Amino acid sequence: LSRRAEPGQGWGCGPRVTPAAPADAPKVPDSRGDSDGPRRGSLCERHCAAINNVQGDLGELGCHLHRPRVPPATSTPSCCQQHSEEVCESCVVKTTLTAENAVEANKLSNNYKFGFKKWKSHVTARPWEDRSEIVKELYSDLNIVRGSGGSMLTCGNVLYLLLFGWWLSLLYVLVAAVMFITVMGAPYGELCWDLARYFLWPFGKVIQKVEVPKSHQACEAGVGESSALLGGPSPLRWRPRCWLGTGYWHHASTAVWLCLGYPVLALAHGLVCVTAWLLIVLIPVAKLSARATSRVLLLPPERVLVRHLRMTEVPLEGEVILCCYRAANPYYYKYAVDGINVFAVNLLPLVLVTLVLGYVDSPNHLTSSAVKFTLALLSIMPLSYYIGMAIASISAQSNFAVGAVVNATFGSITELTFYITALIKGSREGNRCYAEVVKSALTGTLVGCVLFVPGLCMVIGGIRHQEQRFNSRSAGISSALLFLSVGGVFAPTLFSKVYGKLVCGECHNVTQNPLGHYLCHNCHFDLMDNNGTLYYSHVQPLVYTVSILLPAAYLIGLFFTLKTHTHIYDIHISDCHMPGHHHSAVVHWSRWRALVILLLSTLCMSACADLATEHISPILTNSTISQYFIGVTVLAMVPELPEIVNGIQFALQNNLSLSIEIGNCIAVQVCMLQIPILVLFTIFYPTNFTLVFSDLHVYASMFSVVLMNYIFMDGKCDYFQGTVLVMVYFILLAVYFFAPSPSGC
């Protein structure tokens with residue numbers, strides 16, 4: 001049912017809307033006599049009432065229009081008075097975003113801009129009070145005593161006992177024996193004995209720092225104070241300084257402990273901390289070990305109290321140092337250090353190991369080429385994450401022009417670094433196989449980002465949401481650019497097949513008749529016939545022309561979506577913040593810090609790409625797998641893993657538009673930026689790279705783009721359509737797996 005406009009208000013989308021009317025409901029005549037014209041205001045209101053529930057950091061697709069804050073007498077006309085009905089219908093796809101601060105709002109807005117990197121993680125620190133209880137528990141210290149911890153017999157706790165508890169407890173017993181033998185270290189020996197029982201099963205126990213009793217009180221009763229929380233008397237500590245000199249005994253005991261006991265236990269706890277941190281789900285164990293090393297083991301033994309907890313008791317008077325209930329938490333995949341995801345933090349040492357092994361062990365005495373190639377390829381993943389984080393941070397804290405330049409310059413640096421180093425190595429060795437591998441990687445990136453990335457996001461997002469919708473108009477722009485780019489990239493290939501001369505390496509007559517059928521092998525179209533007249537006079541000028549037109553079309557697409565037709569995306573940052581949100585931004589990385597990390601990551605990326613191309617030759621020559629398959633899978637998709645993770649996270653939040661745009665954006669950049677840059681590079685540094693692809697690459701790419709456009713026509717999808725895309729992708733991978741290696745490899 002539509003709402004009659006108030007005087008001076010007009011028919012517009014207001015903050016107060018009425019329930020959505022059926023599509024076939026009769027239209028109420030306009031109070032101004034415009035009974036035959038379309039009801040623009042009621043159309044907007046029906047859509048606003050249907051989809052006006054925007055929540056979360058990224059918001060949902062909806063119409064959340066806010067009335068301008070002007071006096072009622074001078075109220076400005078609404079969107080439906082100023083524009084036609086077609087423009088008002090674009091209000092339906094208005095995306096409202098709710099952000100904590102201006103920097104985060106810029107990052108969210110950049111996610112919807114064509115040509116900008118889509119980034120899910122926050123670039124600013126989120127307010128603590130706005131986080132969920134699950135996330136708060138991840139960042140909390142292990143010093144909180146809860147009323148009820150539940151059952152302590154869990155799989156994670158048993159895993160701790162099997163991996164760390166038994167040998168850590170045994171080590172404490174051995175150290176306690178050494179301390180008792182020294183006599184002067186006996187107080188620390190008693191402490192180690194208590195900690196041996198604690199670290200065998202620390203769950204449901206507490207370590208507290210208590211006040212040091214006066215010397216005469218400590219020597220009188222010999223029994224500590226009791227507690228309602230910890231039940232029973234405190235453990236009796238042998239305090240020999242009652243009968244020896246206080247200062248001498250204390251300093252001698254501490255010296256013995258720091259020389260014989262603490263280093264061994266600190267080393268053991270360090271090993272436990274590193275191992276548990278790398279396992280991620282056992283990060284509570286890493287916190288436990290780190291806190292024990294830095295706090296518990298450095299306290300005087302008479303100030304450390306180890307007790308059992310009871311569910312119905314109140315805490316002791318004193319500082320709680322350690323109180324752990326669970327050794328494992330599956331939600332630690334969300335954990336971040338200074339805005340960096342824990343997976344990227346754990347993979348950073350891998351980069352250092354790769355660089356050291358690659359450049360120090362050049363003769364392969366320690367590891368083989370296959371191991372070095374694998375390490376170099378895995379090192380690209382965290383570096384891609386750091387590059388993406390740096391680009392998102394710089395763009396969010398800068399104006400539009402700086403953000404566009406940074407995204408255009410460093411958006412494809414990961415792939416281009418590997419491609420250029422591979423082409424340089426192939427040119428130096430005179431091996432055409434490297435150029436074919438680069439073409440396979442380009443095709444694999446295109447096919448993977450068109451089929452696998454959106455398909456996987458649809459499947460995973462469809463598990464939580466029965467049907468997902470996305471902005472079909474923005475997806476249509478990317479699809480049109482994909483059609484244009486694929487046609488331009490493969491135009492020289494089609495031209496060479498029409499006018500080239502088919503040359504075969506070996507032919508056999510399968511019949512006895514000389515005019516019968518021949519079976520030929522290693523056939524290809526020769527472009528160098530007659531001293532290369534066809535290639536240099538026709539194909540090469542066409543390649544250069546295409547390499548100029550494709551970036552020009554990319555710039556036109558940027559101008560179209562970001563300047564003249566911004567209403568297609570129509571991003572609105574809501575000015576109503578959730579309770580507890582702060583408007584001041586505390587960024588994880590400042591612009592200068594992000595720039596330094598971006599440059600260092602790019603430098604390390606170049607080194608890892610150089611190592612990967614240096615040690616890929618034995619794999620290409622000795623492997624029984626087709627070089628096509630290696631290029632379209634490993635070399636193409638491993639650098640895109642951070643983008644795939646971002647797409648999955650967006651899909652789980654029912655924001656499939658960004659999941660689709662991630663794949664489309666990468667595919668468009670491959671055709672319109674990366675390939676022209678490689679062609680430009682071959683002008684200044686001659687290589688074996690020519691923009692002539694095999695038939696398999698052409699058919700796979702064109703079929704993928706056509707299928708993707710067919711799936712995305714109606715602006716909605718489910719997990720079945722995603723399954724279709726993923727299955728087609730795996731079918732193409734099977735084709736590449738069984739395909740013979742390209743000529744020259």
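The values are calculated or read from the model by the stated rules, or taken from the named source; none is laboratory data. Please read all numbers here as calculations on a predicted model, not as lab measurements. With ideal geometry, Cβ positions are generated from the backbone for all residues, glycine too; neighbour counts draw on all protein chains shown. Side chains included, ligands, DNA and RNA excluded: accessible areas come from the protein's heavy atoms. Shrake-Rupley method; radii C 1.70, N 1.55, O 1.52, S 1.80 Å.
With contacts defined as alpha carbon pairs under 8 Å and 6 or more residues apart, what's the relative contact order of the range 251-333 in percent? So the answer I get is 35 percent.
Once backbone amide H atoms are built at 1.01 Å from N, Asn655 has no partners under 5 Å, excluding neighbours fewer than 5 places away on the same chain.
Taking the convex hull of the Cα atoms, report for the range 324-441 its projected area averaged over all directions, in nm².
11.6 nm²
Counting heavy atoms of the protein chains alone, Cys507 has an accessible area of about 60 Å² for a 1.4 Å probe.
Take every Cα pair under 8 Å whose residues are at least 6 apart in sequence, average their separation, divide by the length of the range 244-394, and the relative contact order is 18 percent.
Working note: Karplus 6.51/-1.76/1.60 with θ = phi - 60° gives the range 294-309 the couplings 8, 10, 5, 6, 9, 8, x, x, 6, 9, 9, 10, 10, 9, 8, 8 Hz, where Gly and Pro are set to x. For the range 329-335, 3J(HN,Hα) computed residue by residue from phi via the Karplus equation (6.51, -1.76, 1.60; θ = phi - 60°) reads 9, x, 8, 6, 5, 8, 5 Hz, glycine and proline entered as x. Carbon and sulfur atoms: what percent of the 1.4 Å accessible area of the range 602-669 do they account for? On the range 602-669, the fraction of accessible area on carbon and sulfur atoms equals 64 percent. The range 674-745 and the range 394-450 have Cα centres lying 15 Å from one another. Label the range 372-495 by shape, choosing from rounded, prolate and oblate, from the square roots a ≥ b ≥ c of the eigenvalues of the Cα gyration tensor; if a/c is under 1.5 it is rounded, and otherwise prolate applies when a/b is larger than b/c, oblate when it is not. Since a/c reaches 1.5 and a/b is larger than b/c, the shape of the range 372-495 is classed as prolate. Using the Karplus relation 6.51 cos²θ - 1.76 cosθ + 1.60 with θ = phi - 60°, the per-residue 3J(HN,Hα) values for the range 414-420 come to 4, 5, 5, 4, 5, 4, 5 Hz, with x marking Gly and Pro.
Would you mind classifying the range 701-742 by shape? Square roots of the alpha carbon gyration tensor eigenvalues, ordered a ≥ b ≥ c; an a/c under 1.5 is rounded, otherwise it is prolate if a/b is larger than b/c and oblate if not. Oblate shape, in that a/c is at least 1.5 and b/c is the bigger or equal ratio. Amide H to amide H, with H built 1.01 Å from N, Glu319 comes under 5 Å of Lys209, counting only residues 5 or more places away or on other chains. Cross-linked pairs Lys118/Lys287; Lys107/Lys334; Lys113/Lys334; Lys118/Lys425: Cα-Cα separations exceed 28 Å for Lys118/Lys287; Lys118/Lys425. Every Cα-Cα pair in the range 338-390 was counted, and those over 17 Å apart are 38% of them.
Near Asn143, the amide H atoms lying under 5 Å from its own belong to Cys323; only residues 5 or more places off or on other chains count, and H is placed 1.01 Å from N. At the listed q of 0.24 Å⁻¹, the Debye profile of the range 665-745, built from one uniform point per Cα, gives log10 I(q)/I(0) equal to -1.24. Each peptide in 542-549, 134-141 was scored by the mean count of other Cβ atoms within 10 Å over its residues; highest first, the order is 542-549, 134-141.
Starting from the Cα gyration tensor of the range 443-495, take the square roots of the eigenvalues, sort them a ≥ b ≥ c, and report rounded, prolate or oblate (rounded when a/c is under 1.5, otherwise prolate if a/b is larger than b/c, else oblate). Oblate is the answer for the range 443-495, as a/c is 1.5 or above yet b/c matches or exceeds a/b.
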